[in-house]
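S.K.: Take this structure, written in structure tokens, and hold onto it; I'll ask about it next.
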Amino acid sequence: MKQILFLFACVINTFLVAAQSLPQKLAEAVRQLEADSTMKYALFSLYVVDAQTGKPVYEHNQHVGLAAASTQKLFTSAAAFELLGKGYQYKTVIGYNGKIEGGVLNGDLHINGYGDPSFGSWRWKETKPDTVLQRMVAILREKKISKISGRVLLNDSAFSIQPIPGGWIWDDIGNYYGAGCWGINWRENQYDLTLKPGNAEGEPTTIIGTSPELQEEGLLNLITTGKKGSGDNGYIYRAPYAQQGFTQGTVPLGEAFSISGSLSNPPMQFARELGNAFLVQKIKLEGVMKLFIDKTTNRETWPAMQQQIGVLLSPPLDSINYWFLRRSINLYGEALVKSLAYEKEGYGSTEKGVEVVRNFWQQQGIDKAAIHIQDGSGLSPQNRVTTGALVQVLQYAKTRPWYSSFYNCLPEYNGMKMKSGSIGGARAFAGYHAAKDGKSYTYAIIVNNYDGSSSEAVKKMYKVLDLLK
């Protein structure tokens with residue numbers, strides 16, 4: 001009899017759970033999550049709206065500012081689509097001062113950069129380093145230039161001399177995901193460092209080389225050999241413009257292993273590779289390659305470009321935005337923010353760009369206090385945004401003609417179309433989902449200061465989001 005009563009109670013309980021509304025189910029799931037021991041000292045926020053009407057379905061701490069990590073990229077991405085346009089292209093301008101006579105440029109060659117983050121990137125055929133260098137040589141050949149009597153002036157003054165946004169931490173900026181943003185970026189401002197592990201755990205590693213070859217940069221290598229299969233736990237430490245740096249951490253026992261770092265001076269690296277291309281193509285340079293930072297440091301006077309002879313264009317913004325959100329490339333976010341400042345204010349600084357972004361979203365009805373941001377990518381741990389603001393951005397995007405491009409940029413996790421975010425102690429997701437019953441939802445979920453592993457925190461967040469399916 002007791003067994004029959006127990007089974008009956010289970011059936012009734014199942015029926016009652018099934019009969020709960022979605023808001024009730026979400027409230028119970030949130031209650032259980034916040035009761036979890038790993039959430040004892042955490043902050044949690046969830047905001048869900050009906051994607052068609054915009055009416056709230058569930059609200060929990062939606063006005064609390066939290067570190068959203070890379071979900072913050074949604075603010076930058078959507079603002080760039082609207083203010084720059086999905087067809088916007090970066091340019092790199094080639095020109096000269098002086099005269100071209102008998103195959104000789106009697107003057108200086110000018111290369112003016114405007115922050116193209118795809119310049120030298122391997123993600124598009126037309127932006128690969130060899131292709132870019134060949135196109136530059138071809139521009140000179142078209143003008144029958146085989147000798148430059150003056151200098152090559154690399155002008156990246158469209159963007160600020162400060163490549164790193166405020167709040168970025170020392171542990172990040174020497175590694176590829178912490179690459180700064182210059183007026184002349186090159187190879188996504190990153191390189192690969194290949195190491196040979198020792199023969200046993202704890203032994204030193206040896207640097208085999210870098211790709212590309214770094215001619216002006218040195219590293220004190222302190223990375224040791226870790227356990228077999230332990231993965232990439234190596235870190236590179238180098239400040240912007242520095243020629244020296246060091247490494248720490250471990251790479252796994254076994255075969256040669258590569259980690260990726262950030263170039264400390266991308267314009268210099270580009271200048272070196274362009275100089276090598278000139279040598280191979282027999283274009284003689286009598287002067288030197290000069291960087292804009294040299295002009296600033298030495299208070300030099302540079303002549304103005306008198307004649308433009310070529311322009312290299314980036315892929316359109318919707319293509320750049322695709323990689324920005326799909327692969328969460330921080331450099332692209334910082335370039336977009338500086339570009340917004342350059343196009344709207346005439347000078348590409350992070351500070352001006354962040355204000356352009358915040359002002360734009362204020363005009364769309366989002367309180368500026370809900371978007372306290374330091375950068376365009378979400379890497380700074382000082383950033384604070386709300387789930388309410390994230391959802392408003394996603395809802396705004398649905399009304400715009402570029403929405404299909406924006407939606408296509410979003411990656412897919414847990415069978416849901418959404419942007420993820422992850423920095424120390426913070427995990428976040430924001431996106432769209434169409435449920436089996438035909439209803440569509442827009443949502444944002446953030447957890448800060450959880451205990452335990454990131455992967456376990458994500459599983460628990462997915463359990464909440466699964467209720468939207």
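S.K.: Can you pull out every residue in the stretch 289-333 that is under 23 Å from residue 265 (Cβ atoms) and part of a loop (DSSP other than H, G, I, E, B)?
M.R.: Passing the criteria: 299, 300, 301, 302, 305, 314, 329.
S.K.: Test of understanding: among 218, 183, 231, which residue is closer than 27 Å to residue 93 by Cα and under 26 Å from the mean Cα position of the chain (by Cα)? Before the answer, list the steps.
M.R.: Working: 218 fails: closer than 27 Å to residue 93 by Cα; 231 fails: closer than 27 Å to residue 93 by Cα.
Checking each option against the conditions leaves just 183.
S.K.: Which residue pairs have Cβ atoms closer than 7 Å, lie 6 or more positions apart in sequence or on different chains, and pair a first residue in the stretch 286-300 that is within 18 Å of residue 96 (Cβ to Cβ) and at pLDDT below 95 with a second residue that is part of a loop (DSSP other than H, G, I, E, B) and open to solvent by less than 70 Å² (accessible area, probe 1.4 Å)?
M.R.: Hits for this filter: 295/302.
Let's see how each residue does on (1) open to solvent by less than 10 Å² (accessible area, probe 1.4 Å); (2) under 23 Å from residue 242 (Cβ atoms); (3) in contact (Cβ under 8 Å) with a residue 40 or more places away in the chain:
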site: 128; (1), (2), (3): no, no, no
site: 138; (1), (2), (3): no, no, no
site: 143; (1), (2), (3): no, no, yes
site: 159; (1), (2), (3): yes, yes, yes
site: 165; (1), (2), (3): yes, yes, yes
site: 183; (1), (2), (3): yes, yes, yes
site: 194; (1), (2), (3): no, yes, yes
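S.K.: Within the stretch 68-96, how many residues turn out to be crowded, with 21+ Cβ neighbours inside 10 Å and in a helix (DSSP H, G or I)?
M.R.: The qualifying residues number 13.
S.K.: Looking at (1) surrounded by 14 or more Cβ atoms within 10 Å (Cβ to Cβ); (2) over 28 Å from residue 162 (Cβ atoms); (3) in contact with a strand residue (DSSP E or B) (Cβ under 7 Å, 6 or more places away or on another chain), find the lone condition where residue 286 falls short.
M.R.: Just one mismatch for residue 286, condition (1).
S.K.: Touching a residue at least 60 places away in the same chain (Cβ under 8 Å) and farther than 30 Å from residue 293 by Cα - does that describe any residue in the stretch 202-211? Step through it out loud before you land on a result.
M.R.: Applying the first criterion (touching a residue at least 60 places away in the same chain (Cβ under 8 Å)) to the stretch 202-211 yields none.
No: the stretch 202-211 contains no residue that is touching a residue at least 60 places away in the same chain (Cβ under 8 Å) and farther than 30 Å from residue 293 by Cα.
S.K.: Give me a count of the residues in the stretch 218-239 that are of a type in the set (D, E, K, R) and open to solvent by less than 40 Å² (accessible area, probe 1.4 Å). Before you say what the answer is, go through the steps one by one.
M.R.: Just the residues of the stretch 218-239 that are of a type in the set (D, E, K, R), to begin with: 227-228, 232, 238.
Within this subset, residues satisfying the condition of being open to solvent by less than 40 Å² (accessible area, probe 1.4 Å) are 238.
So the answer is 1.
S.K.: Residue 133: under 33 Å from the mean Cα position of the chain (by Cα) and either of a type in the set (Ser, Thr, Tyr) or in a helix (DSSP H, G or I) (or both), yes or no? Don't jump to the end; show me each part of the working.
M.R.: Working: under 33 Å from the mean Cα position of the chain (by Cα): yes; either of a type in the set (Ser, Thr, Tyr) or in a helix (DSSP H, G or I) (or both): yes.
Judged against the criteria, residue 133 is a match.
S.K.: Cβ contacts < 8 Å: first residue without any contact (Cβ under 8 Å) to a residue 12 or more places away in the chain and part of a strand (DSSP E or B), restricted to the stretch 97-125; second residue open to solvent by 30 Å² or more (accessible area, probe 1.4 Å) and not hydroxyl-bearing (Ser, Thr, Tyr), any location; separation 6+ or different chain. Result?
M.R.: Short answer, once both residue conditions are applied: 99/106.
S.K.: Please find, within the stretch 101-117, the residue that is farthest from residue 270 (Cα to Cα) out of those that are aliphatic (A, V, I, L, M) and crowded, with 18+ Cβ neighbours inside 10 Å. I'd like the intermediate steps shown before the answer.
M.R.: The first filter runs over the stretch 101-117 and keeps only residues aliphatic (A, V, I, L, M), leaving 104-105, 109, 111.
Retained after the next criterion (residues that are crowded, with 18+ Cβ neighbours inside 10 Å): 105, 109, 111.
Numbers: 105: 21, 109: 15, 111: 11 Å.
For the stretch 101-117, the residue satisfying everything is 105.
S.K.: Check the stretch 199-215 and report whether any residue there is among the small types (Gly, Ala, Ser), assigned to a loop (DSSP other than H, G, I, E, B), at pLDDT 95 or above and under 18 Å from residue 257 (Cα atoms). Outline the logic, then answer.
M.R.: Pass one, the stretch 199-215, residues among the small types (Gly, Ala, Ser): 200, 202, 209, 211.
Among the residues that remain, those that are also assigned to a loop (DSSP other than H, G, I, E, B) are: 200, 202.
Among the residues that remain, those that are also at pLDDT 95 or above are: 200, 202.
Among the residues that remain, those that are also under 18 Å from residue 257 (Cα atoms) are: 200, 202.
Looking for residues that are among the small types (Gly, Ala, Ser), assigned to a loop (DSSP other than H, G, I, E, B), at pLDDT 95 or above and under 18 Å from residue 257 (Cα atoms), one finds at least one in the stretch 199-215, hence yes.
S.K.: Considering the stretch 240-276 alone, what residues qualify as being open to solvent by less than 10 Å² (accessible area, probe 1.4 Å) and in a loop (DSSP other than H, G, I, E, B)?
M.R.: 263, 264 - these are the residues of the stretch 240-276 that are open to solvent by less than 10 Å² (accessible area, probe 1.4 Å) and in a loop (DSSP other than H, G, I, E, B).
S.K.: Within the stretch 32-67, can you find the residues that are over 18 Å from residue 430 (Cα atoms), of a type in the set (A, V, I, L, M, F, W, C) and open to solvent by 30 Å² or more (accessible area, probe 1.4 Å)?
M.R.: 35
S.K.: If you don't mind, there's one more thing I want to ask. Can residue 234 be described as assigned to a loop (DSSP other than H, G, I, E, B) and modelled with pLDDT of 95 or more? Walk me through it before giving the result.
M.R.: Details: assigned to a loop (DSSP other than H, G, I, E, B): no; modelled with pLDDT of 95 or more: yes.
No.
The values are calculated or read from the model by the stated rules, or taken from the named source; none is laboratory data. Please read these numbers as outputs of a predicted model, since none were measured by experiment. Here Cβ is always computed from backbone atoms with ideal geometry, including for glycine, and neighbour counts include all displayed protein chains. Heavy atoms of the whole protein, side chains included, go into the accessibility calculation; ligands, DNA and RNA do not. Shrake-Rupley method; radii C 1.70, N 1.55, O 1.52, S 1.80 Å.
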